[in-house]
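To keep things clear, I will list the structure first and then write my remarks on it.
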Amino acid sequence: MQILLVEDDLSLADGLQQALGHEGITVNHVANGKEALHVVESFPPDIVLLDLGLPDMDGLDVIKAIRRKKLTTPVLILTARNTVQDTVSGLDCGADDYLAKPFEISELLARIRVLERRISTTAESNEINIGQVSLDTESMQVKVSDKLLVLSKSEYMLLKALMQNAGRVQTRDGLESQLYSWGEEVSSNALEVHIHHLRKKIGIEFIKTVRGVGYTINKV
């Protein structure tokens, strides 16, 4: 899962990135509303964690702008504004959930899981089937001809991104943005290594290379 954290308190942002990272969640961080809008539109995350007290614009205006663009990305507000009216205003603007600071990481994780389940249930099915390969987004299991595969987190996320977009070419930069947080040190051939491992486990012809662009999986 990839989360966009919009928070101008850098120490809090760093702490949240570390805590969520330990749970296997990729977290990218921006500190103002304009950057958040650009990222949500250009590189849509799975979930947005949004502070309201941003330096350039109010977080409620960020939510309104996201919804005006007809984007359905779930938004979880994280804020020190903790009155009932604050909560009502946030939800009425289009937020999916509201968590007042200070909060426990365990509660934040629980609310993220709720949003993740909501994303899964809005899809036609939790299972993606292409040829002999089956990927279950809820259990995070992958099977080939009913044989369960053992995949690393990065291999699973990469395969999921490709299968969810079967028939469309995924660029190298786009795939890397889903696997790694911004600023994370990644070797230049890391993506190729993951592709190589997936091909060994699934079959060399399943993932196609589009030279100079990226990778794709054909629809079957």
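For the reader, a short list of remarks on this structure follows.
- Hits in region 123-176 - residues which are part of a helix (DSSP H, G or I) and closer than 15 Å to F206 by Cβ: E155, Y156, L158, L159, K160, A161, L162, M163, Q164
Conditions (1) touching a Lys or Arg at 6+ places or on another chain (Cβ under 7 Å); (2) assigned by TED's automatic domain parsing to the domain that holds Q178; (3) not hydrophobic (A, V, I, L, M, F, W, C), marked per residue:
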position	(1), (2), (3)
G33	no, no, yes
F43	no, no, no
V48	no, no, no
L54	no, no, no
K69	no, no, yes
L76	yes, no, no
I112	no, no, no
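- Index of the failed condition, D96 passing every other in (1) over 25 Å from E138 (Cβ atoms); (2) buried (at least 18 other Cβ atoms within 10 Å of the Cβ): (1)
- Among residues of region 78-104 being of a type in the set (A, V, I, L, M) and part of a helix (DSSP H, G or I), the one that is farthest from I3 (Cα to Cα) is V84.
- Of V169, V193, V150, V210, all but one fail to be modelled with pLDDT of 85 or more and in contact with a Gly (Cβ under 8 Å, 6 or more places away or on another chain); the exception is V169.
- Pairs, first surrounded by fewer than 12 Cβ atoms within 10 Å (Cβ to Cβ) in region 193-213, second of a type in the set (A, V, I, L, M), C-beta under 6 Å, six or more apart: V213/V169
- Residues of region 17-39 satisfying the condition of being free of Cβ contacts under 8 Å to residues at least 60 places away in the same chain and out of contact with any Leu (no Cβ under 6 Å at 6 or more places or on another chain): Q18, H22, V30, A31, K34, E35, A36, L37, H38
- Filter result (within 19 Å of A110 (Cβ to Cβ) and over 23 Å from the mean Cα position of the chain (by Cα)) within region 78-90: N82, T87
- The lone exception for I105 - which of (1) under 23 Å from L16 (Cα atoms); (2) at pLDDT below 90; (3) not acidic (D, E) it fails: (2)
- Cβ-Cβ distances below 6 Å connect the following pairs, each with a first residue in region 141-152 that is under 15 Å from I128 (Cα atoms), a second residue that is of a type in the set (S, T, Y) and in a strand (DSSP E or B), and a separation of six or more residues or different chains: K143/S134.
The values are calculated or read from the model by the stated rules, or taken from the named source; none is laboratory data. Please read all numbers here as calculations on a predicted model, not as lab measurements. Neighbour counts run over all protein chains shown; Cβ positions are idealised from the backbone, glycine included.
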